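See below for the structure under consideration.
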């Protein structure tokens, strides 16, 4: 159901009651075994909906008393049956996540029976005493507030990014708690990121270019940040992504990590919040949304690290439904991949998104499945504390995004439904994206205190290497993506004949590049497994150039490689 139809469905029963046509007044015979508000329906609604739909809560109207719920009865049940409420779109048959807002089939049946019986009140003396759940809380060590931004009244939706200059990181910081407190009823959801230091100037430039607090943003935190990642003549220089450190959607609890993990914030990082305002139910007002963060003084046992999977080569023809795209990313490493949370991002034509792991023996594991994508409810799905999803080495992750570009599924602009058109990747709301952020666990190691050459971390591995120097270098577990990019990008200038075999296996190389960038997998192990003899030919050729002072010695020395 579209937002417009949903609000009409909600308003219609209210109008009936307000005009004196009370359905309860026409209900004369209530089955003796029918559910009643006190205590049958009250218990379900307060426990499952009361976190948002209460007086002064996150939702635009309360449902926690009979007086409020009775006129909304039909719309309440309809929204539950069509899956739009409670707002939880991850399929529990795939994975269970913390904080699931789900109703059991018997609870849905009780609500339907209550409505079919005329939504009877029952005896108020039978009211249940329901203790509200204890909300997660902590005392923050860092806070920041949106600077009083007021979204324009002419827009139904508005997306704005805000920099928090009062939150600064002079040294490596370990974050264990985050909370977003919305400061306006128009706030629909908030995503908070720690932007790497190299993007700080661009963020400030975007902020300075627009009047008032913040700057306009939708698909990406900065213009061009989430553009398609093509390889061109060499490997891309991207080796870091914004780390999501906070999120808020109605009903979501603050996050407090108690499992010995933390998110690392690198020195110089900039905190940016992307806020989605929706004026469907409320008038725009000044926003004072607050970000509250908690840092730990003790290094964690393990780090939560953000990875990104995407499919950027989108080509969604006008009028077609469904249209699907799948990105396969292999993973090779001495350690399994340990995943703890997922956050998908797409726009208005997306209809579903799912991520699966295909093990070496072809066993398939569902990691997260969003069978009915809703642009207005994008949220992080996290495993319960202490639980991880283990993906063994040799597996492949497959991200699939599906779109509906039919005439019936087109968005409205200024009240007019748009005609279908060909759609590709882009930052505008009428463009599309296929992007999924994951959090994985890694053993903690301190950041290097001083800048190092790209391949410095591989020096010990290379010194102990027996056999092909190229395969040892690119296959060291400690080899960082920056080293891989430096070596592979230097090779054409000093050994063009060696690169020719890789050019014939471009798709294979691309898979392993994405594996290294997105999953921090072992590039050399991936190349050996995925590219076979082609990679061996490349390595043997490059070794020949390095032996006896070949042409690649100087370019590789600039990368920090000393043989």
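Every read-out reported here was derived from the displayed coordinates using simple, explicitly stated rules and does not represent laboratory data. A quick note: this is a predicted structure, and the numbers were derived from the prediction, not measured. Glycine gets a Cβ as well: all are built from the backbone with ideal geometry, and neighbour counts include every protein chain shown.
Give me the extension gain from residue 324 to residue 500: residue separation times 0.36 nm, minus the current Cα-Cα distance, reported in nm with one decimal. Kindly include the intermediate steps, with their values, before the conclusion.
Details: separation 176, 0.36 × 176 = 63.36 nm, distance 3.28 nm.
Roughly 60.1 nm would be gained on extension.
Please report the antiparallel percentage of DSSP beta bridges with both residues in the chain, rounded to the nearest 5.
So the antiparallel bridges amount to about 95 percent of the total.
For segment 456-558, what is the relative contact order in percent, using Cα pairs closer than 8 Å and at least 6 residues apart in sequence?
Answer for segment 456-558 is 32 percent.
How tilted is helix 533-546 with respect to the longest principal axis of the chain? Cα atoms for both, answer in degrees (0 to 90, nearest 10).
Tilt of helix 533-546: around 50 degrees.
Calculated FRET efficiency, residue 335 and residue 68, Cβ-Cβ r, R0 45 Å, to nearest 0.05?
Efficiency, rounded to the nearest 0.05: 0.30.
Starting with the fewest neighbours, write out 383, 150 ranked by other beta-carbon atoms found within 10 Å of each beta-carbon.
In order of increasing Cβ crowding within 10 Å: 150, 383.
Report the calculated FRET efficiency for residue 202 and residue 466 (r = Cβ-Cβ distance, R0 = 41 Å), to the nearest 0.05.
Calculated value: 0.35.
Given a cut-off of under 8 Å on Cα pairs at least six residues apart, what relative contact order in percent is computed for the chain?
Worked out over the chain, it gives 15 percent.
Listing 412, 164, 523 from the residue with the fewest other Cβ atoms within 10 Å to the one with the most, what is the order? Don't jump to the answer; show the numbers that get you there.
Values: 412 13, 164 20, 523 28.
If I rank by nearby Cβ atoms, fewest first, I get 412, 164, 523.
Kindly identify segment 30-119 as rounded, prolate or oblate by the Cα gyration tensor criterion: order the square roots of the eigenvalues as a ≥ b ≥ c, call it rounded if a/c is under 1.5, otherwise compare a/b with b/c, prolate if a/b is larger, else oblate.
oblate
Between residue 295 and residue 58, what is the label-to-label distance in nm when each label sits 7 Å out along the Cα-to-Cβ direction?
For the pair residue 295/residue 58, the computed spacing is 2.7 nm.
How would 37, 88 line up from fewest to most surrounding beta-carbon atoms within 10 angstrom?
Fewest to most other Cβ atoms nearby, the residues stand as 88, 37.
Between residue 553 and residue 419, what is 0.36 nm times their sequence separation minus the Cα-Cα distance? Round to one decimal in nm.
Using 0.36 nm per residue and subtracting the Cα-Cα distance, I get 42.4 nm.
Angle, helix 506-519 long axis vs. longest principal axis of the chain, Cα atoms, 0 to 90°, nearest 10?
Helix 506-519 and the main axis of the chain meet at about 60 degrees.
For residue 171 paired with residue 282, estimate the spin-label separation in nm (one decimal), with each label point 7 Å from Cα along the Cα-to-Cβ line.
4.0 nm
In degrees, nearest 10, range 0 to 90: what is the angle between the Cα axis of helix 481-494 and the longest Cα principal axis of the chain?
The answer is roughly 40 degrees.
Taking 7 Å along the Cα-to-C-beta vector as the label spot, tell me the residue 315-residue 209 distance in nanometres, rounded to one decimal.
The modelled label-to-label distance comes out at 3.0 nm.
Out of these labelled values of Rg/Rh (Cα atoms, Kirkwood Rh), [x] 0.94; [y] 0.97; [z] 1.02, which was calculated from the coordinates shown here?
Comparing each candidate, only [z] matches the computed number.
Divide by every residue of the chain the summed helix terms, -39500 (n - 2.57) for each DSSP H run of at least 4, and state the resulting mean residue ellipticity at 222 nm, rounded to the nearest 500 deg cm²/dmol.
My calculation for the chain gives -7000 deg cm²/dmol from helical runs alone.
With a ≥ b ≥ c the root eigenvalues of the C-alpha gyration tensor of segment 134-300, is it rounded (a/c under 1.5), prolate (a/b larger than b/c) or oblate?
oblate
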